[in-house]
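Structure record follows, encoded as structure tokens.
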Amino acid sequence: MRTTVGIIGAGPAGLLLARLLHRAGVESVVLEGRDRAYVEHRQRAGILEQGTVDVLRAAGAGRRMDREGLRHDGIELRFDRRRHRVDLPALTGGRSVTVYAQTEVCKDLIALQLEEGGPLLFEAEALAVEGAEGGRPRVPFRHQGREDELECDYVVGCDGFWGVSRAAFPAAVSRVFERTYPYAWLGVLADVAPSHDELVYARHDRGFALLSMRSPSVSRLYLQVPVGTEAGAWDDERIWDELERRLETDDDWRLERGPITQKSVTPMRSFVHEPMRHGRLFLAGDAAHIVPPTGAKGLNLAVGDVVTLARALVHERSTGSPDLLDAYSATCLRRVWQAERFSCDMTALLHPAPDAGDFEGRLQLARLERIATTPSAETDLAEAYTGFPLG
Ligand code: RFL
Ligand code: PHB
């Protein structure tokens, strides 16, 4: 098989890149190791920045998002049994975020790709990336049990944190920056209307809690839990009791309970691989960087990468100039490190570490108090949360 751009991975990064290239008349082939149902139902992100919404709409992938997505003009910070609303548009010159699940973004992009775009092969596992340094790179892959090879002008590794693309960078050019956290998130999906109409980020001595949603009738909730926790170790009643404790306020706010339909545990990690390009191989999305989910940045960063890359590839093909491709890694990394900084800060602000003492707890409360009472501190949070420009 031959194509112009070989894309490994059909998560949001790979699917959106294929869509953007198709709209610009550039051929691509997407290889996805898993089957379609798996990719469409993997529970992950829920928050789209304004810039991400604009990109999806401009790519012709915004019809259902515009109908079913929920625009949110605020988030709530909860601490010390108090509530503070951060008014996003008021602090950012009108920017907001949209609740529309990653599963739905992927479903929309897959449907469009299969209808209008180039080949998208499911159960096609890339085994390696070869020859990225010169000539035409190749991707050997196994498709439904048969071995094959994809030859391309460029390969883009959109294969997430556990993919094979990053390993094709020689050790001498790779630099990895990493932090792990001494806690994880237990995430649940529940068939109950969200107990608040905006997201609630709660800091509590017992641990962080987050109230989010998937639709007006489905809640998405998270609890900070110790590393190594098994989702099955928490029965539903214990989960609701713990959420209630951590989210409790002094006013008459109440947490509604309902049937829990899914539980999973997510480890927390910060990770950046530099550079994001080697020869004719490019990395995009989680293949190049991971943020802890507290800042809701992972999916939005993946979108930023592929918008930058699509623009650069199209520029190279229409003008012959490699300038934008040469700048790809540095351009993305500037935005990536801002998101890493914000995601780390939000995580440290809201999660008591297992070995933290009362002093650290008081510091977290002082930081939250500062955000709640100081417009410059609150604006800093609102600007980062709604997103850095795609530039
Ligand atoms: P993905 O989504 O991991 O997709 C990679 C794809 O590559 C495939 N693959 C291969 N295919 C072929 N051959 C191989 N050898 C392959 N190896 C892997 C995989 O099957 C998969 O389909 O990466 P991508 O596209 O870069 O997208 C990144 C996002 O998925 C991720 O950053 C977000 O989900 C992070 N995230 C959030 N981001 C946000 O912007 N807002 C949020 O609110 C948010 N919440 C979250 C999150 C991530 C979470 N978890 C589970 C880590 C909440 C959670 C709990
Ligand atoms: C989610 O709805 O899954 C979600 C929302 C906000 C976050 C992380 C996850 O910061």
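The values are calculated or read from the model by the stated rules, or taken from the named source; none is laboratory data. Just so it is clear, the model here is predicted, and its values are computed rather than measured. Glycine also receives a Cβ, built like all others from the backbone with ideal geometry; neighbour counts cover every protein chain displayed. In case anyone asks, the SASA skips ligands and DNA or RNA and just uses the protein heavy atoms, side chains included. Shrake-Rupley method; radii C 1.70, N 1.55, O 1.52, S 1.80 Å.
Only protein heavy atoms count here; on that basis, with a 1.4 Å probe, Tyr183 has an accessible area of about 20 Å². Applying 1/(1 + (r/R0)^6) with R0 = 41 Å to the Cβ-Cβ distance of Asp358 and Glu123 gives a FRET efficiency near 0.20. Take 50-59, 109-118 and order them by the average number of nearby Cβ atoms within 10 Å per residue, most first; the result is 50-59, 109-118. Full extension of the segment from Ala366 to Ser264, taken as 0.36 nm per residue of separation minus the current Cα-Cα distance, would add 33.5 nm.
Under the criterion of Cα pairs below 8 Å and six or more residues apart, the relative contact order for the range 26-139 equals 40 percent. Please work out the FRET efficiency for the pair Val173 and Leu390, using the Cβ-Cβ distance as r and a Förster radius of 22 Å; give the result to the nearest 0.05. Once rounded, the FRET efficiency stands at 0.25. Its relative contact order, with pairs defined as Cα atoms under 8 Å and 6+ residues apart, puts the chain at 20 percent.
This model, with +1 at the C-beta of Lys and Arg and -1 at the C-beta of Asp and Glu, gives the chain a dipole about its Cα centre of some 460 debye.
Comparing Cα centroids, the range 77-139 and the range 312-391 end up 17 angstrom apart. Ranked by the mean number of other Cβ atoms within 10 Å per residue, highest first, peptides 296-307, 141-152 order as 296-307, 141-152. Share of the chain's accessible area from carbon and sulfur, percent, 1.4 Å? It is 48 percent, rounded to a whole number.
Accessible surface area normalised per residue over the chain is 43 Å², counting heavy atoms of protein chains with a 1.4 Å rolling probe. Dipole check for the range 231-305: with +1 at the C-beta of Lys and Arg, -1 at the C-beta of Asp and Glu, and the Cα centre as origin, the magnitude is about 700 Debye. Helix 358-373: angle to the longest alpha-carbon principal axis of the chain, degrees 0 to 90, nearest 10? Roughly 80 degrees, rounded to the nearest 10.
Taking 0.36 nm per residue of sequence separation and removing the Cα-Cα distance, the Asp235/Glu256 pair yields an extension gain of 5.9 nm. Mind putting together the pair-distance distribution for the chain? All Cα pairs, 10 Å bins, whole percent per bin, short to long. Values per bin, smallest distances first: 5, 23, 32, 24, 12, 4, 0.
Working from label points 7 Å from Cα in the Cα-to-Cβ sense, the Arg36 to Ala330 distance is 4.3 nm. Under 1.5 on a/c is rounded, so check that first for the range 114-192, then, if it is not, pick prolate when a/b is larger than b/c and oblate when it is not; a ≥ b ≥ c are the square roots of the alpha carbon gyration tensor eigenvalues. In terms of gyration-tensor shape, oblate. Which of the listed residues, Ala59, Tyr38, Gly228, is farthest toward the dipole's positive end in the chain, when Lys, Arg count +1 and Asp, Glu count -1 at the beta-carbon? My answer, from the dipole projection, is Ala59.
Electrostatic tally near Ala377: other residues with Cβ closer than 9 Å to its Cβ, Lys and Arg +1, Asp and Glu -1, net 0. Based on C-alpha pairs under 8 angstrom that are at least 6 apart in sequence, the range 192-248 has a relative contact order of 33 percent.
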